[in-house]
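Remarks on the structure that follows.
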Amino acid sequence: MSRHYSIALDGPSGAGKSTIAKAIAKDYGFIYLDTGAMYRSFALYALNSGVDFSGAISDRGNDKALIALLDSFTLDVRYVDGVQRVFVGGEDYTDLIRTSEVTRAASAVAVVSAVRIRMVKLQRKIAEDADVVMDGRDIGTYVLPNASVKIFITASALARARRRYRELIGKGDGSRTFEQVYADMIERDKNDSSRSFAPLARAEDAALLDTTDLDLQQSIDAVRAIIDSRIVRESSGSPA
Ligand code: DC
């Protein structure tokens with residue numbers, strides 16, 4: 001069992017996980033692992049290799065082209081000034097994986113069990129070597145079942161779509177209407193929750209935090225309170 005602390009933050013997209021995770025990691029001096037960036041990296045690698053993502057995402061469970069691509073895929077997660085960067089075949093993908101095209105493809109590659117197994121191996125290795133805050137969909141249920149603290153962060157689909165839309169507009173990306181962003185969000189929720197292997201789910205022992213009516217600072221404070229109550233209670237000695 002790991003001698004390090006691990007904090008598992010799971011939930012649907014747009015619930016605020018990554019922003020909260022970054023703030024918490026900084027506060028506690030843990031590293032932050034954005035596991036979505038790993039699926040996004042493989043998705044971009046697949047797009048660059050000519051994989052066509054136009055079909056139904058749910059049909060991809062055993063996608064042979066994607067499984068074959070894993071042979072040549074090398075992913076490196078590095079920390080530069082405390083900030084995570086992802087490298088594929090030595091190329092820095094960090095700033096290239098936030099497009100709508102990659103977002104959709106990431107949800108598709110995440111359905112493939114062989115892809116998940118590869119990512120999970122690396123995620124567990126990182127958690128073995130350092131105190132981590134990890135965010136994703138299956139961290140508390142599958143990747144780190146013995147995490148020191150598990151929190152499932154959610155919000156209504158409407159609130160999450162509003163946040164994502166504001167984020168895009170803030171980045172100067174007006175390519176999608178609010179209705180499209182909302183529809184994408186619903187589709188992604190469905191794909192992420194309905195896949196058969198390690199779907200998005202709340203672990204039985206995860207605290208539930210609904211951020212629909214909370215601003216960012218309130219959400220961070222709520223997460224901090226949960227972590228402090230659980231870590232203090234469980235670790236008068238060394239971490240679990
Ligand atoms: O968190 P994100 O939006 O960057 O994630 C991109 C996609 O990757 C998302 O649709 C689901 C998938 N994902 C996953 O299946 N498991 C994880 N632990 C993290 C992300």
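Among the residues of the range 90-127, the ones that are among the small types (Gly, Ala, Ser), more than 12 Å from the ligand (Cβ to nearest atom) and in contact (Cβ under 8 Å) with a residue 24 or more places away in the chain come to 2 in all. Taken over the range 192-220, the criterion of being crowded, with 16+ Cβ neighbours inside 10 Å and either in a helix (DSSP H, G or I) or more than 16 Å from the ligand (Cβ to nearest atom) (or both) is satisfied by Asp192, Ala207, Leu209, Asp210, Leu214, Ser219, Ile220. Exactly one residue out of Tyr39, Tyr32 is in a helix (DSSP H, G or I), crowded, with 18+ Cβ neighbours inside 10 Å and modelled with pLDDT of 95 or more: that is Tyr39.
If the condition is being among the hydrophobic types (A, V, I, L, M, F, W, C), away from the ligand (no atom under 14 Å from the Cβ) and farther than 21 Å from Asp210 by Cα, then the range 1-46 contributes Met1, Phe30, Ile31. Taking every residue in the range 43-57 that is of a type in the set (Asp, Glu) and pairing it with any residue that is at pLDDT 85 or above, at least 6 positions away or on another chain, the pairs with Cβ-Cβ distances below 9 Å are Asp52/Ala65.
So, of the residues in the range 128-148 that are near the ligand (Cβ under 9 Å from one of its atoms), in a helix (DSSP H, G or I) and buried (at least 24 other Cβ atoms within 10 Å of the Cβ), which turns out to be nearest to the chain's Cα centre (by Cα)? Give the steps one after another, and end with the answer.
Quick first cut of the range 128-148, residues near the ligand (Cβ under 9 Å from one of its atoms) only: 134-139, 142-143.
Of the ones still in play, those that are also in a helix (DSSP H, G or I) are 139, 142-143.
If we keep only those that are buried (at least 24 other Cβ atoms within 10 Å of the Cβ) too, we end up with 139, 143.
Numbers: Ile139: 9, Val143: 12 Å.
The residue in question is Ile139.
Has the range 61-75 got at least one residue that is within 30 Å of Asp228 (Cβ to Cβ), out of contact with any Ser or Thr (no Cβ under 7 Å at 6 or more places or on another chain) and not in a helix (DSSP H, G or I)? The answer is no, given that none of the residues of the range 61-75 is within 30 Å of Asp228 (Cβ to Cβ), out of contact with any Ser or Thr (no Cβ under 7 Å at 6 or more places or on another chain) and not in a helix (DSSP H, G or I).
The values are calculated or read from the model by the stated rules, or taken from the named source; none is laboratory data. Bear in mind the structure is a predicted one, so any value in this text is a computation, not a measurement. When we count neighbours, we look across all protein chains shown, and the Cβ atoms used for this are built from the backbone with ideal geometry, even at glycine.
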